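The values are calculated or read from the model by the stated rules, or taken from the named source; none is laboratory data. Note that the structure is predicted; figures quoted are calculated from it, not measured. No Cβ is skipped: glycine too gets one built from the backbone with ideal geometry, and neighbour counts run over all protein chains shown. Areas reflect the complete protein model, heavy atoms only, side chains present, ligands, DNA and RNA absent. Shrake-Rupley method; radii C 1.70, N 1.55, O 1.52, S 1.80 Å.
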Amino acid sequence: MENATDYLPRVELLLSQHRHAHATQELRRQLAQDPHDAIAHALLAVCLLEQKQLAEAQSEAELAIHLSPEYDFAFYALALIENRRHRPKEALAAINEALALDPNDADYYHLLGQLRLQSGQWQAALQAAQTGLGLDAEHAGLHGLQARALARQGRPDEAGTAARSALSYAASSSSTQAQAGWVALETNRPKEALEHFREALRLDPESDFAREGLVEALKARYWVYRTFMRFVYWSGTLSEGARRGLFLGAWVVVRFVRVLLPVYLLFVFLSWFADVIFESLLRVSAYGRLALSERQTRHSNQFLGLLAVAAGALAGRLAAPTVPGTSTLGMVALGLLFPLAGTWRLPAGTLAWQRSRWAGFGLAAVGGLSVALEVLGLGGDGVAFGAFLVGTLAYTWVFALR
């Protein structure tokens, strides 16, 4: 008869080979024999996470915690799942609990640093990476995390050194190559970044992290996008208060120095639409089309569709000025670009995404009503269109500038 943990070496081997479906089968067999095995439940949660079965994965992690509240890995598994579900507060709480139970696991500091990096806390991310490296100096992920944090703090030389250290330990890792690509991209080396992302995708063709980086590197070939992103990365090195002061100050300066208005408007336009515009440009090339994800292609289609409606309506207004509703339709289509872009840049399924989506539907309904009232000559179209404009302006403040 097998010991209680005899299955672990087999499962660990399957996980190291990324054979998560087979590991899942092995763990389910173990749980059929012992449904109270917290270790098996936690490992099953990780396997299900890798297979994108997030709801079941979370249930397994929570069950593992219920069965063994002192089991730190179960909290780590839960933190991984919460992070994948775009719930940073819950993920942070879970990883902090794991660290409270075991403060000597470098992987836990790696995840903590990633969460800090995602929230824009560059120094906290760097501190987590350095603490983890004190426990495991050869942890490639922590070296990559350190490189990202240094790059975001405007320290390109140190970031490059840390990225090379990560590659020296795990050059055959897709994640490490992708991290090096992001560091190169964030320190204004788009050609080098492109090579790292290509290598990352060669090693793991299913890596969304590498594919997103590849698309960014391809967009960075356009100097306008590259210049804009350099400003974005630079502003990211400032404190939140300094960034707010910068943008408020720019608006005040433009109010008095009118010659700068075109530059300011270009910046505002790019801050909303740079991603989708340059992703649409990538569709001109065969390689660019292959690099884009299905979601990015769908976003581009919707963006181009609204632009086509706006252009067609405004052209119709010029060709037949007496036809009612054409100019209003064009303005409504242009206004709807804001909730479209705002919704697409939020993680799908999150509360913010749902609110933004419904706000967009509401604006579309009000804008459509204003067009219909004008076409039918029923009156009230001016009020409806005014409500649409106010709603669009409110959207940009509530959803974009909070």
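In table form, for the structure just shown:
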{"read-out": "Angle in degrees between helix 88-101 and the longest Cα principal axis of the chain, rounded to the nearest 10", "value": "20"}
{"read-out": "For the chain, calculated [θ]222 nm from helices alone, where every DSSP H run of n ≥ 4 adds -39500 (n - 2.57)", "value": "-25500 deg cm²/dmol"}
{"read-out": "Helix 294-319 vs. the chain, principal-axis angle (Cα, 0 to 90°, nearest 10)", "value": "0"}
{"read-out": "Carbon and sulfur %, accessible surface of the chain computed with the full protein complex present, 1.4 Å", "value": "60"}
{"read-out": "Dipole of the range 62-113, positive end: most advanced residue of L101, A74, G113 [Cβ charges, Cα centre]", "value": "G113"}
{"read-out": "Given charges at beta-carbon only (K, R positive; D, E negative), |dipole| of the range 270-375 in Debye", "value": "180"}
{"read-out": "Overall form of the chain per C-alpha gyration tensor (a/c, 1.5; a/b vs b/c)", "value": "prolate"}
{"read-out": "Reduced Cα scattering model of the range 75-148, Debye log10 I(q)/I(0), q = 0.26, 0.27 Å⁻¹", "value": "-1.19, -1.25"}
{"read-out": "Nearest-20 debye value, the range 1-106 charge dipole, Cβ charges on Lys, Arg, Asp, Glu", "value": "520"}
{"read-out": "Mean-position separation - Cα centroids, the range 186-205 and the range 66-88, in angstrom", "value": "31"}
{"read-out": "The chain - charge dipole about Cα centre, Lys and Arg +1 at Cβ, Asp and Glu -1, debye rounded to 20", "value": "2300"}
{"read-out": "Degrees, to the nearest 10: 240-256 long Cα axis against longest axis of the chain", "value": "10"}
{"read-out": "Calculated FRET efficiency for the pair T396/V375, C-beta based, R₀ 22 Å, to 0.05", "value": "0.20"}
{"read-out": "Accessible area expressed per residue, the chain, with surrounding protein chains retained (probe 1.4 Å, Å²)", "value": "52"}
{"read-out": "Listed residues Q51, L369, M229: farthest to the positive end of the dipole of the chain (Cβ charges)", "value": "L369"}
{"read-out": "Loop trypsin sites (Lys or Arg not before Pro), the range 105-201 (other Cβ atoms within 10 Å of the site Cβ: 10 or fewer; DSSP)", "value": "none"}
{"read-out": "Selected from P103, P262, P324 as most flexible by GNM, with the chain as the system and alpha-carbon contacts under 10 Å", "value": "P262"}
